[in-house]
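The block underneath contains the structure these notes are about, expressed in structure tokens.
The values are calculated or read from the model by the stated rules, or taken from the named source; none is laboratory data. Note that the coordinates shown come from a computational prediction; the quantities given were computed from them, not determined experimentally. Using ideal geometry, Cβ is built from the backbone for each residue, glycine included, and neighbour counts are taken over all protein chains shown.
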Amino acid sequence: MIGNRNLSSHFTLHEFLRSQTAERNDEWMEEQFNPSDKVVESLEYLVETAIQPVRNALSYPISVSSGYRSPPVNDAVGSTPTSQHLIGEAGDLGVSRNFLSDPDTALMRWRIEEQIREKTGFEVRSGVNANFYLFAIICLKLEGFDIDQLIHEFGPDFGQPAWVHVAASRRQNKREILLISSFSSPKVQRPNVEEALRYGTKEP
């Protein structure tokens with residue numbers, strides 16, 4: 001197993017290697033925790049240029065539910081052979097629901113909501129989850145981050161992503177926004193920034 005170390009002031013290498021799927025198979029665990037040097041370099045780039053800056057902007061802890069995926073793990077979770085998780089260029093991120101009620105986050109929530117109102121002309125509706133604020137702050141600052149792809153992924157409805165997928169790459173910088181869901185039609189959407197922010201407003 002590769003040794004753990006800090007990738008930034010708030011994130012460690014093992015956070016981006018952990019996998020509940022891999023934990024069910026010893027052989028998968030061995031491969032999952034022994035990524036190539038190239039994968040580790042990609043994870044370093046992802047954290048340094050995208051995820052740590054997002055964490056700084058939000059000023060609140062961000063959890064990593066999936067980072068690098070070895071090929072058997074990627075197959076087991078039903079992901080595609082072209083997934084950036086396979087090469088250490090992507091992380092699935094989340095924010096605790098406490099973000100919505102913590103008095104220390106009130107000012108940050110207000111700032112995000114104000115910027116959404118300025119961009120869309122609509123108020124943020126009640127019922128959005130904490131992950132939407134993470135998604136929204138990345139949308140609002142997309143041009144300032146080295147983001148290749150941002151995804152509002154699954155969850156029960158617009159403005160309630162189950163997690164937020166963030167990818168960064170030395171190879172490309174598309175700043176692409178996607179919605180992938182089981183509730184929308186089409187199930188994959190490619191909104192611009194304003195359309196993406198409207199996923200969490202009182203008007204679509």
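Would you say Ser19 is outside any helix (DSSP H, G or I) and exposed (fewer than 15 other Cβ atoms within 10 Å of the Cβ)? It is false that Ser19 is outside any helix (DSSP H, G or I) and exposed (fewer than 15 other Cβ atoms within 10 Å of the Cβ).
For every residue, the table says whether it meets (1) of a type in the set (D, E, K, R); (2) without any contact (Cβ under 8 Å) to a residue 24 or more places away in the chain.
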| site | (1), (2) |
| --- | --- |
| Met1 | no, no |
| His10 | no, no |
| Arg18 | yes, no |
| Asp26 | yes, yes |
| Ser36 | no, yes |
| Glu48 | yes, no |
| Val54 | no, no |
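Contact map, segment 180-204: first residue of a type in the set (S, T, N, Q) and modelled with pLDDT of 95 or more, second residue surrounded by fewer than 15 Cβ atoms within 10 Å (Cβ to Cβ) and assigned to a strand (DSSP E or B), Cβ cut-off under 8 Å, separation 6 or more or different chains; the map is empty.
Restricting attention to segment 86-133, the residues that are in contact (Cβ under 8 Å) with a residue 24 or more places away in the chain, within 30 Å of Leu17 (Cβ to Cβ) and under 19 Å from the mean Cα position of the chain (by Cα) total 20. Of the residues Ser83, Ser65, the single one that is out of contact with any Ser or Thr (no Cβ under 8 Å at 6 or more places or on another chain) and touching a residue at least 60 places away in the same chain (Cβ under 8 Å) is Ser65. Count of segment 102-125 residues, restricted to those that are within 15 Å of Ile138 (Cβ to Cβ) and either in contact with a helix residue (DSSP H, G or I) (Cβ under 6 Å, 6 or more places away or on another chain) or of a type in the set (Phe, Trp, Tyr) (or both), is 4.
When Glu194 is tested against (1) more than 28 Å from Phe16 (Cβ to Cβ); (2) acidic (Asp, Glu); (3) not in a helix (DSSP H, G or I), just one condition goes unmet, and that condition is (3). Any idea which residue in segment 123-146 is surrounded by the fewest Cβ atoms within 10 Å (Cβ to Cβ), counting only those that are in contact with a Lys or Arg (Cβ under 6 Å, 6 or more places away or on another chain) and assigned to a helix (DSSP H, G or I)? The residue in question is Leu142.
Scanning segment 168-193 for residues that are surrounded by 14 or more Cβ atoms within 10 Å (Cβ to Cβ) and closer than 15 Å to Leu142 by Cα gives Ala168, Ser169, Asn173, Arg175, Glu176, Ile177, Leu178, Pro191, Val193.
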